[in-house]
Every structure is written in structure tokens, then in C-alpha cells.
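Q: My questions all concern the structure below.
The values are calculated or read from the model by the stated rules, or taken from the named source; none is laboratory data. What you see is a predicted model, and the numbers here were worked out from it, not measured in a lab. So basically every Cβ, Gly included, is an ideal-geometry build from the backbone, and we count neighbours across all protein chains shown.
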């Protein structure tokens, strides 16, 4: 037996020490690898850029999104700069190469998406910059795992039938639960224009008020929760508050999904009924189902060759009269119902687009406040509900 372990120890003692540069390099490499694994497997940081979830989530909220609730996805696009999404920081340079696209799977989670969960997902194909120029035939060609991230509330799960009647959601014919801080648009009629001080005291976003002042008083449009509406009504100089309704029942809103005025004369306040696709569910193919589910089948349902042509659905070159869905889909909406670009406008969210569950807020900054007042201390470490 050759007992020479002390020789190895002596050799290690004689090795020259690492340079400071090498030590820093090793430390940075370890940190990047660890952060990448945590970001992929466990939790990822996001920020709220738009008011579509107010007052549940505010612009400037920084939150952690749990990957392990619903199960994390295996990477589809492996060739990308670590800790980036779509573009390299502070540039317009793509942070990935799509030369290799791997099959994507979802690791087991400990729960599934439920109604009223706040969910982060990769938004299905939508014009990236300007909704006013939305073209349903123009899709951003990012890989699934690099599509733009949205955060909304799941209001309907696979197999549900959703309907909106005069702003109230109904699921499978029954009245759905309303988020506590859900907002709608209201016209506030007051003797004079509401001052910023009054709005700040009530916690109302002054940026949503558009004054129209005439001899009858001031008319302003606000996004309000029921609690905020109740506080405003009690003010002596507020004359009345009425809901703002841009559309009545049966009136068509131009960008509403499924974008067919004749078959679906719907709008954001009067919508449906619409059945959410479920894995394994089978539908008959006709003009109405093609208008509703054609995009889902051809773009998202894992078909290599599916097209809608001359009013027919062709899969692998053959016409099909019935179709069975290959994955689940969800219907997402913002809590700020009149200021949210959501499933009412771009349709269903495929299961393979789900990123994770909104977990808790770790920082919140108000960009409109001065330096010392920017931090919203009361929102720190609030769980997202």
C-alpha cells in the first residue's frame, strides 16, 4: 500500500496563492451561477411598470415571483446572457441566440393555478410597443421563455365559462369573486376641481383625473376602488359620482378578443360567454370555433403544421372536423379593470407561458414623490393576494 497522502498536502502548501483578480473572478462566477440557479428554480424579481393591477399592486412595486408554486420550466433558449431578458442591460442588443431551441418541460410544483391567483406569465403574441397599432397578424417572434412578462389575476381556469355582465364577472353562471381593491372608472362631479391635497389624503391617484370645468362645476375621471368612491361621496363639495361606461351591451369594442364584430359584438364590460380551452377537451370545428380558437390551435397548441384555410382547419395537411386541445389555457385580467390590457384583448394564456405566482413585495418606490418620500414603507414584505 502506498501511503503518500502527505505528499499531496505538501504540494498544495507549496502552490502559489491566487491573485486578487483570480479571487474576484471566482467569486463573481460563483455569484452569477448561484443567482442564475435561484432565478430559474426558486424565485425571480420583477417590478410593476404599469397601473393595470392598481390598487392591488402599484407602479414601482418590486416583488418576488415564486417559480416553485406551479413548478419551474426547463430552459428552452439556453444560449442567452445570464440574468437578462430579451435585451442586454441598458442596450437594445438581443441577449440571446435562438440557434438552439430545447423541448420545454415543467418540473413538479406543489400547487396549481387557482382562480384569483396573481400570476406572472409570458404574454402571448402581441405588438410590443403600442396597443393603438395592434395588429392581430403581427407577433413578436421571441421564444416562449423570452416573451414579455405580464402580471395579472387569473379569473378563469381551464374548462371554465367566463362571462362579464355590466362589469361583473360570472364563472360557470355564478357571480365571481371580486378583488378587494378592484378599480373601475368613475366620473366625479364636484363644485370645484379636486385638489392634489384632497386626492393625496384619500390615497387617490391624481394622474387619472382629467378635468372638464364649466358653469355646472368640475367633472373628472378617476379609477376608484369602492372604498375610495365611498370617501369621495362624503365630501361636501362632491355633488355626485357616476360609473363611466364607454360601451353598452351589444356594442363592439374594436380590439376585443376574438376580434370578430359579427360573431362576438362584445366589449370590456359586456363580454362572453366564452369557454376556456382545457387539455383533452374536444370541440367541433365551425366558423365560430375557428374564430375563437383558431389562433390557439395554429400558434400555441404544439402543432407542427396547423393552418386555417378557406374556413377549414388543416392539421398535417388534412382537414379535421373535431379538434382536441393539447394543453391548458387561462384567462387573465387586471384589477384596474378599465385600464388593463389583458385576456379580453389578446385572448388565452397557454400553460407553457406561465412563469410563476406573485409572492410578496420587497420594495416599493413612488416615482412622483421627493427623494425622502419615495419609499412606501407600509408595502414592504406584503404578501400578494
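Q: May I ask you to say which residue of 172, 248, 240 is under 26 Å from the mean Cα position of the chain (by Cα) and either in the same structural domain as residue 348 (by TED's automatic domain parsing) or modelled with pLDDT of 90 or more (or both)?
A: 172
Q: Just to verify a result, which residue in the range 339-358, among those that are surrounded by 20 or more Cβ atoms within 10 Å (Cβ to Cβ) and over 18 Å from residue 299 (Cβ atoms), is nearest to the chain's Cα centre (by Cα)?
A: 342
Q: Go through the range 280-296 and give me each residue that's surrounded by fewer than 16 Cβ atoms within 10 Å (Cβ to Cβ) and either within 17 Å of residue 349 (Cα to Cα) or under 25 Å from the mean Cα position of the chain (by Cα) (or both).
A: 280, 281 - these are the residues of the range 280-296 that are surrounded by fewer than 16 Cβ atoms within 10 Å (Cβ to Cβ) and either within 17 Å of residue 349 (Cα to Cα) or under 25 Å from the mean Cα position of the chain (by Cα) (or both).
Q: From the set of residues in the range 241-259 that are out of contact with any helix residue (DSSP H, G or I) (no Cβ under 7 Å at 6 or more places or on another chain) and not in a loop (DSSP other than H, G, I, E, B), which is surrounded by the most Cβ atoms within 10 Å (Cβ to Cβ)?
A: Among residues in the range 241-259 that are out of contact with any helix residue (DSSP H, G or I) (no Cβ under 7 Å at 6 or more places or on another chain) and not in a loop (DSSP other than H, G, I, E, B), the one surrounded by the most Cβ atoms within 10 Å (Cβ to Cβ) is 243.
Q: For residue 277, state whether it is surrounded by 13 or more Cβ atoms within 10 Å (Cβ to Cβ), in contact with a strand residue (DSSP E or B) (Cβ under 6 Å, 6 or more places away or on another chain) and in a loop (DSSP other than H, G, I, E, B).
A: When the stated conditions are applied, residue 277 passes them.
Q: Please go through the range 81-100 and give me each residue that is in contact (Cβ under 8 Å) with a residue 40 or more places away in the chain and either under 24 Å from residue 359 (Cβ atoms) or loosely packed, with under 14 Cβ neighbours inside 10 Å (or both), ordered by number.
A: Across the range 81-100, the qualifying residues are 82, 83, 85, 86.
Q: Could you grab me the full set of residues in the range 280-299 that are over 20 Å from residue 161 (Cβ atoms) and in contact with a strand residue (DSSP E or B) (Cβ under 8 Å, 6 or more places away or on another chain)?
A: Within the range 280-299, 298 is the sole residue that qualifies.
Q: Take the range 212-233 and flag every residue that is under 35 Å from the mean Cα position of the chain (by Cα) and more than 12 Å from residue 194 (Cα to Cα).
A: 223, 224, 225, 226, 227, 228, 229, 230, 231, 233 - these are the residues of the range 212-233 that are under 35 Å from the mean Cα position of the chain (by Cα) and more than 12 Å from residue 194 (Cα to Cα).
Q: Being loosely packed, with under 13 Cβ neighbours inside 10 Å, within 30 Å of residue 322 (Cα to Cα) and not assigned by TED's automatic domain parsing to the domain that holds residue 340 narrows it down to one of 215, 262, 234, so name that one.
A: Sole residue among the options that is loosely packed, with under 13 Cβ neighbours inside 10 Å, within 30 Å of residue 322 (Cα to Cα) and not assigned by TED's automatic domain parsing to the domain that holds residue 340: 262.
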